[in-house]
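Read through the structure below, which is laid out as C-alpha cells, and then see the notes.
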Amino acid sequence: MKIHEYQAKEIFSRYLIPVTNEVVCYTVEEAVAAADKLGLPVVVKAQVLAGGRGKAGGVKLARTKQDVPEMAGKILGMDIKGYTVEKILIAQGVKFSSEFYVGLTIDRNSKSVIFMASSEGGVEIEEVAKDNPDAIHKFVIDPDLGMTPFLARKIAFALFSDFNLVKQGADLFQKLYRIFMDTDSSLVEINPLVITEEGKLLALDGKMNFDDNALFRQSAIEALNEPTEDELKEIDAKEKGLTYIRLDGSIGCMVNGAGLAMATLDLIKYFGGEPANFLDIGGSSNPQKVIDAMNLILSDKNVKVVMINIFGGITRCDDVARGLIIALDKIKVEVPIVVRLSGTNSKEGLEILKEANLPIVETMSQAAQKAIELCK
Amino acid sequence: MSILVNQNTKLLVQGITGRDGSFHAGKMKAYGTNVVGGVSPGKGGSTVDGIPVFNTVEAAVKATGANTSIIFVPAHLAADAILEASEAGIGLVIAISEGVPTLDMVKVMPYLAKKGTKLIGPNCPGLISPDEALVGILPGNIFLKGNVGLMSRSGTLTYEMVYQLTSNGIGQSTCVGIGGDPVAGLYYLELLQMFQDDPETKAIVLIGEIGGDAEERAAQYIQEHITKPVVAFIAGQSAPPGKRMGHAGAIISSGSGTAEEKIKAFEKVGVKVAKIPSEIPDLIKQVME
C-alpha cells in the first residue's frame, strides 16, 4: 500500500523529523489562501500515488501571486500515469545548498532492512542506481541490534563532513528506522533531504510504502488507503479469494496460482494473443469462487473469449468443473470458453464438463492457441 | 539420494488440527512420509488421522525424535511457530503459511542462523523427494522418481513443469517450492549447491519469475560453482511494469528484475531458457545426453 507525500511527511513530523511547512489543498481558492499564509515562493505539488510527478509537470515553483492560482489550476485535475490529481500540496519554498537521498527498504539478499544513502539526491534514485551505482551507500541493519547510534553516525559520516550535520543526520536516521519498523513499511524515502541556509537538515519530500501482509496490525495506516477504481475491483476480488488485475487485451483468463497465471499470460502473448486480465483463483476449490471469477472476467466488456487453465494441486478439478457448470447456468455467458484441466481429480472434472459441451483441450499451449483462434 | 527430505525424515505438523493442517497431514502420511506427530496448543493428547498431537514442539520432539517440521498456522502466528521449532532443535522447517508480515521474517532470520535451522518458505508449497517423502501441499501423484532436481518460486507452475517432465518419462530427485515472499529461507544458491552435491541429481531445472535479482545472482553462482547442466524458465515475460501479480516477488520496478534481463543473465552463462513451459522436457533431454 502507498500513501501520499503529505501523509508520509505527517508521519515524519510525528517522529520530530523536520519537514517543510505546507498545506494540502483541494481547490485553487484553498491554494491561494495557503500561499498567502506561508508566503512566497511556494512549491505546488501534485499529490498522486504515482512516481515521476516532476517529469509529468506535476511540480511547479510559484514565485509570484499570480503564479499560484494559475499553477494550482493547471495541476488540479491533471492526469499523471492514469491518476487524476485531486489534491495538491502548497509547500513553503526553501533555500538550500545540497540535496541527498536517504531511504530504507527490505533487502532480499541479506534478509534484513537496508539503509541507502547518496549525495546524489533530488533525482530519481533508480537512475543513480543504473548510471552510478557506487554513489549509493548501502548499510545492512542487524535486526537484533536495530539502528545503533554508531551505525547512524557511520551513515552520516558517509554523507556529511560538517560534524554538526553528522549529529543531525545520525539522529534523523535513527528516527527514520523507528518509523520503518513501527509502521511495517516496505519503503521509506526522503528525496531530497536538504541542508537549509541555516545549516539544518530538512525533508523536502517523503515517500512511504507498506507491507500489505501487516496491515491487519496497522489500522492507522490502513485508514489512509485510497484505492483507485481498478484497485477497488482488485480489493473486491481479494475478498472473494481471487487476485485480479485488469489488462488491455480480449482473452479473459482464469488460472490457479500466481506463477501459472503469469505463465499463461506469457503463453497467450507468445502465440500472438492479448490477455484481458490476470486472475488467480488461488488454492482452495470452492465452486462459488469459479462463479465470482467468471462474473469478474465478464465485467470487462473487451473480453471476447475466456480461457480456463487449472492445474489441480489443492484445487480439485471436479470442484472447478462443478462451479463452472453452476456459473454457466446462473450467468449468461455469450463468449466462448476454452477449458484445460490437469492434476487432482481432472478425470472427474472433465467428465462433468462433457455435458456442458465446452471445447476441452489437453495442454496449456493448446488452450492458448484455441482461445486466440476463437478471438478472431 | 535426494536433498533435504527422504526416508529418514521424521515430520511434525504444526497447526495439525486446523483445516489445511489436518487435510495435508493425512495426504502426506498417505504418500508415505513418516509423519510422527502434530502440534496444536491446547489439543495435546488427542490424535489426528492416528497422528499424536502435542501442546509444544519441545514435547513433540522429545516424544518422537522429529527432525523436520511443516507449518500451517495462520500467517500472523507463523514467525512464532518457526522460532518454536528452531528452539526445539528441529533442523529443517517448512513454512506453508501465506501472508506473513515481512518484518516478522526479518526478525526471525538471525535466530535461525544462530541455531543452524534451515527454513523453506514462507508462502511456499513445500518439497518432495518422489517415493521417499512429501513435505508440503504438492499433489504427490504427478511426481516420478528420477534424476532432475527442480526449484521454483511458484506452486502451480511447478506442478505444470513437473507434469511436463513426468509425462515425458523424466523423473525428479527432489522438487522444492521456495516461495514468493521477499524474505524467505533457502533460496536458489543454497539449493543449487545441494543439487550439485547430490549424486542422484544429474540436471537442474530452475523456475524463476520477474522481480528482484535472485535469478541474476543464481546465474552468476552457476557460472562459478555448478558443473551440472541447468535449464531455466522465467514467468512474467508479458507482465506490465509496476503491477504486482500475486507474489510479492513478482513486481517490476524501474527496469530491474524484468524477464528479459533474467533470461539474458542465464543465457550468458550457458543456461538454456525455455520460452514456454512445454520446451522444458526437450531442453532437459538435450542437456542430459
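The values are calculated or read from the model by the stated rules, or taken from the named source; none is laboratory data. Note that this is a predicted model, so its numbers are computed, not measured. Backbone-built Cβ (ideal geometry, glycine too); neighbour counts: all protein chains shown.
Quick notes on this one:
- Counted residues, region A:1-60 - those being of a type in the set (Lys, Arg), out of contact with any Asp or Glu (no Cβ under 8 Å at 6 or more places or on another chain) and farther than 13 Å from A:ILE75 by Cβ: 4
- Of the set (1) at the interface with another protein chain (Cβ under 9 Å from one of its Cβ atoms); (2) touching a residue at least 60 places away in the same chain (Cβ under 8 Å), all apply to A:LEU247 but (2).
- When A:THR228, A:THR183 are screened for being of a type in the set (Val, Ile, Thr) and at pLDDT below 95, only A:THR228 passes.
- From B:ASP213, B:ASP181, residue being touching a residue at least 12 places away in the same chain (Cβ under 8 Å), closer than 30 Å to A:MET254 by Cβ and acidic (Asp, Glu): B:ASP181
- Residues in region B:1-20 that are over 22 Å from B:GLU200 (Cα atoms) and at pLDDT below 95: B:GLY18, B:ARG19, B:ASP20.
- Residue in region B:104-123 that is within 14 Å of another protein chain (Cβ to nearest Cβ), more than 22 Å from B:ALA25 (Cβ to Cβ), over 18 Å from the mean Cα position of the chain (by Cα) and in a loop (DSSP other than H, G, I, E, B) present: no
- Which numbered condition B:VAL205 fails, given (1) buried (at least 22 other Cβ atoms within 10 Å of the Cβ); (2) more than 15 Å from B:GLU267 (Cα to Cα); (3) within 14 Å of chain A (Cβ to nearest Cβ): (2)
- Qualifying residue in region A:213-221 (condition: within 14 Å of chain B (Cβ to nearest Cβ), touching a strand residue (DSSP E or B) at 6+ places or on another chain (Cβ under 6 Å), closer than 30 Å to B:GLU261 by Cα and of a type outside the set (Ser, Thr, Tyr)): no
- Every listed requirement among (1) out of contact with any Pro (no Cβ under 8 Å at 6 or more places or on another chain); (2) surrounded by fewer than 20 Cβ atoms within 10 Å (Cβ to Cβ); (3) under 28 Å from B:LEU283 (Cα atoms) is met by B:LYS118 save one, (3).
- Flag for A:LEU267 being surrounded by fewer than 23 Cβ atoms within 10 Å (Cβ to Cβ), assigned by TED's automatic domain parsing to the domain that holds A:GLU334 and not in a strand (DSSP E or B): no
- Options A:ILE251, A:ILE221: the member that is among the β-branched types (Val, Ile, Thr), farther than 30 Å from B:ILE234 by Cα, modelled with pLDDT of 95 or more and buried (at least 21 other Cβ atoms within 10 Å of the Cβ): A:ILE221
- Residues of region B:54-80 satisfying the condition of being within 14 Å of another protein chain (Cβ to nearest Cβ), surrounded by fewer than 22 Cβ atoms within 10 Å (Cβ to Cβ) and of a type in the set (A, V, I, L, M): B:ALA75, B:LEU77
- The set of residues in region B:214-232 being in contact with a strand residue (DSSP E or B) (Cβ under 9 Å, 6 or more places away or on another chain) and within 8 Å of chain A (Cβ to nearest Cβ) consists of B:ALA214 alone.
- The criterion of at least 2 residues that are crowded, with 18+ Cβ neighbours inside 10 Å and among the small types (Gly, Ala, Ser) is met, among strands (runs of 3 or more DSSP E) falling completely within region A:130-209, by A:185-196.
- Annotation: A:GLY93 fulfils all but one of (1) within 19 Å of A:ASP134 (Cα to Cα); (2) touching a Leu at 6+ places or on another chain (Cβ under 7 Å); (3) more than 13 Å from chain B (Cβ to nearest Cβ); the unmet one is (1).
- Within region B:130-153, residues that are away from chain A (no Cβ under 14 Å) reach partners that are part of a loop (DSSP other than H, G, I, E, B) and basic (Lys, Arg) with beta carbons closer than 6 Å, at six or more positions or on different chains, in the pairs B:ASN147/B:LYS202.
- Filter result (in a loop (DSSP other than H, G, I, E, B) and either buried (at least 17 other Cβ atoms within 10 Å of the Cβ) or away from every other protein chain (no Cβ under 14 Å) (or both)) within region A:120-129: A:GLU120, A:GLY121, A:GLY122
- Test: residue in region A:327-350 that is crowded, with 21+ Cβ neighbours inside 10 Å, touching a residue at least 12 places away in the same chain (Cβ under 8 Å) and under 22 Å from A:ASP230 (Cβ atoms): no
- Of all residues making up region B:81-96, the number that are within 14 Å of another protein chain (Cβ to nearest Cβ) and surrounded by fewer than 24 Cβ atoms within 10 Å (Cβ to Cβ): 1
- Filtering region A:85-93 for residues that are part of a loop (DSSP other than H, G, I, E, B), in contact (Cβ under 8 Å) with a residue 40 or more places away in the chain, within 21 Å of the chain's Cα centre (by Cα) and surrounded by fewer than 20 Cβ atoms within 10 Å (Cβ to Cβ) leaves a non-empty set.
- Sole exception among (1) within 23 Å of A:GLY257 (Cα to Cα); (2) within 36 Å of the chain's Cα centre (by Cα); (3) of a type outside the set (Asp, Glu) for A:SER346, by number: (2)
- Residue in region A:227-237 that is in contact (Cβ under 8 Å) with a residue 24 or more places away in the chain and closer than 18 Å to A:MET147 by Cβ present: no
- Against the list (1) out of contact with any Lys or Arg (no Cβ under 8 Å at 6 or more places or on another chain); (2) within 17 Å of A:GLY323 (Cβ to Cβ), the condition A:MET262 fails is (2).
- Residue within region B:177-188 that is modelled with pLDDT of 95 or more and away from chain A (no Cβ under 14 Å) present: no
- Picking from residues in region A:1-50 that are in a helix (DSSP H, G or I), surrounded by fewer than 20 Cβ atoms within 10 Å (Cβ to Cβ) and β-branched (Val, Ile, Thr), the one that is nearest to the chain's Cα centre (by Cα) is A:VAL28.
- Boolean, B:GLY246 is under 23 Å from the mean Cα position of the chain (by Cα), facing chain A (nearest Cβ under 10 Å) and either at pLDDT below 95 or closer than 30 Å to A:GLY82 by Cβ (or both): yes
- The strands (runs of 3 or more DSSP E) found wholly in region A:273-376 and carrying at least 1 residues that are at pLDDT below 90 occupy A:305-312, A:337-343.
- Looking across B:ILE222, B:ILE234, one residue alone is at pLDDT 95 or above and in contact with a helix residue (DSSP H, G or I) (Cβ under 7 Å, 6 or more places away or on another chain). It is B:ILE222.
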